[in-house]
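Below: the structure, in structure tokens.
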Amino acid sequence: MRLRELLAGFGGAVAAWPLTRLGAPSRSDQGYGEEARMRYKPKSIDALHIALGGLPDDMRVEVGANIGVSAKTVGELRKVTAWPGNLVITIPQERYPERTVEVSKATIATRVSPKR
């Protein structure tokens, strides 16, 4: 199940979830040697759980240096009790257990509130 399909089930309440999508897959991610991956910047544990929705618990997690998260699998990542707002997760579009979720620090400023 894709994240968009999961979020569609929340109806109008989706806007209340503080989850920032950092960008669409680049051309290099779309069949030109690498898999398509989506980057999200969850602002809370609830937003993290939404972003991880549909991923198998045994999927590996790679955490960057000096991040402060010690999860090795998605199942362990779902059990974290605190989520710093400056972390980004990169999720593969294919939900196979052999794929990897990456956790890193945000390197670009992102818009939290919608444009008016």
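Every read-out reported here was derived from the displayed coordinates using simple, explicitly stated rules and does not represent laboratory data. Since we're looking at a predicted model, the values are computed, not measured. Don't worry about glycine lacking a Cβ; one is built from the backbone with ideal geometry, like all the others, and counts go over all protein chains shown.
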> Which cross-chain or sequence-distant (5 or more) residues have an amide H under 5 Å from the amide H of GLY53, H modelled 1.01 Å from N in plane?
Replying inline: none
> Could the peptides 73-79, 36-42, 58-64 be put in order, highest first, of the mean number of other beta-carbon atoms found within 10 Å of their residues?
Replying inline: 36-42, 73-79, 58-64
> Considering amide H positions built from the backbone, and no H for Pro or chain starts, which residues 5 or more places from VAL88, or on another chain, come under 5 Å of its amide H?
Replying inline: SER104, LYS105, ALA106
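On full extension of the chain, what length is gained from ARG60 through THR107, given 0.36 nm per residue of separation minus the C-alpha to C-alpha distance?
Separation in residues times 0.36 nm, less the Cα-Cα distance, equals 14.7 nm.
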> Under a point spin-label approximation (7 Å from Cα along Cα-to-Cβ), what is the SER70-ASP46 distance to one decimal in nm?
Replying inline: 2.8
> Along region 45-50, what does the Karplus equation 6.51 cos²θ - 1.76 cosθ + 1.60 (θ = phi - 60°) give for ³J(HN,Hα), rounded to whole Hz, x for Gly and Pro?
Replying inline: 5, 4, 5, 4, 5, 5
> Local charge sum around ILE45 (other residues, Cβ-Cβ under 13 Å, Lys/Arg +1, Asp/Glu -1)?
Replying inline: +2
>> Check which residues have an amide H placed less than 5 Å from MET59's amide H, if you skip close sequence neighbours.
In response: VAL74, GLY75
